[in-house]
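Presented below is the structure to which this report refers.
Taken together, the values in this text are just the output of simple stated rules run on the coordinates, not laboratory data. It should be emphasised that the depicted structure is a prediction, and the values quoted were computed from it without experimental measurement. Here the Cβ positions follow ideal geometry from the backbone for every residue, glycine too, while neighbour counts run over all protein chains shown.
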Amino acid sequence: MNLHWSVDTANHGPLLYGPWFDRLFLFGTVGIALVLGALAMISPAMFLAVVLVDVWLFASPHVIATYTRIGFDKAHVKKHWFLIFGLPPIVLVGVTMVALAYELGGLFTLYFIAQTYHVTRQSFGIARAYRRADPQATGPDRLSESLIYLFPLWGLMHRCTTAPEFFYSYPIYLPAVDAALADATGIVAVLAAAWWAYRQIRLALAGRLNARHSLFVASHLLVISVAYLWVTDITSGWLVVNIWHNLQYLLFVWLQNVRRDAQRPGAACERSIHGQDLERLTRPLRSAGKYLALCLVVGAAMYQALSVAGQQLVWLGLPTVFILHFTVNFHHYLVDGVIWKRPKPGA
């Protein structure tokens, strides 16, 4: 996703929101993803347990988080009516056509590639958000942005060279990629990363380093390297990056919702009258509880409803459970591609 927004640099400097949020965002998400990913590799039973945690606590709620951006109230529903009502049937038809043509293998292949791009776009947007939060920044950091794309490209090409036959025990048909081409891409990525690291050192010595931006880019490179290059099993690697992505998305959408609420009519006046800053005005901890509860409950209900509906439609002779779940996922990707593109007052 491409996240365009501004930060109150007078209060928070190069922070997205506040110290506690940025520590959780930069270190907590990576730590949880790596620890749970490592636990999942201990045994099949532990892997299943981690997958269930990811689906119920992270993945389904993170999809619902998208809809808190477009279905917040009647004004938002009216504004995004096509995304809410018109786009899902179109996506459903497209997913069904893929299933008819390529069966489950086609669906899982499309999902794996689309998920890689989706994660990359999210990192691109977050990196730009950290860049814009820096009062010393003079524009986009092209080298960092190139790295954000280069490492997933290298990782995806590497996965293709290994020609995995199964993903979550289902067929997957990744396109064939020559190992030499993947290695060449890797060399370019490593050289770019080395130059980027050298540049960060120079900025630090000059006292101009945006540490949080650098930490985020480094965390992206770390997680992508672990998920696509170091972990040999495609499913285990995917689980690591998926947990990281889901947690970050939940946190970032919450932050955007907090900022939206702070910009509601009368909020500025209330702040000036009582001398409250953004965090106190929106009472973030309490709103976070409500937000997470909403995402958890609605996410669980959505997941269960899709599963039941899919089972009731198996008489069609199609993998209807997967078709419905993938439809929601791909719809979420497309909605993200629209709502995060540019700043929209009141969005």
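Things to note:
- Computed over the chain, the per-residue total of -39500 (n - 2.57) for DSSP H runs of n ≥ 4 gives a 222 nm mean residue ellipticity of -23500 deg cm²/dmol, rounded to 500.
- Along each principal axis, Cα extent of the chain, largest first, Å: 63, 50, 35
- Using only Cα coordinates, the Kirkwood hydrodynamic radius of the stretch 76-137 works out to 14.5 Å.
- Backbone geometry of the stretch 54-68 corresponds, through the Karplus equation with coefficients 6.51, -1.76 and 1.60 at θ = phi - 60°, to 3J(HN,Hα) couplings of 5, 5, 7, 9, 10, 5, 4, x, 5, 5, 4, 4, 4, 6, 6 Hz, x marking Gly and Pro.
- Approximate shape of the stretch 39-98 as ellipsoid semi-axes (Cα gyration tensor, √5λ), whole Å, largest first: 33, 18, 5
- One quarter of the convex hull surface built on the alpha carbon atoms of the stretch 99-245 amounts to 9.2 nm², the projected area averaged over directions.
- Ranked by the mean number of other Cβ atoms within 10 Å of their residues, highest first, the peptides 155-165, 56-66 come out as 56-66, 155-165.
- Note that the stretch 188-198 has calculated 3J(HN,Hα) couplings of 4, 5, 5, 4, 5, 5, 5, 5, 4, 4, 4 Hz, one per residue in order, obtained from phi through the Karplus relation 6.51 cos²θ - 1.76 cosθ + 1.60 (θ = phi - 60°); glycine and proline are x.
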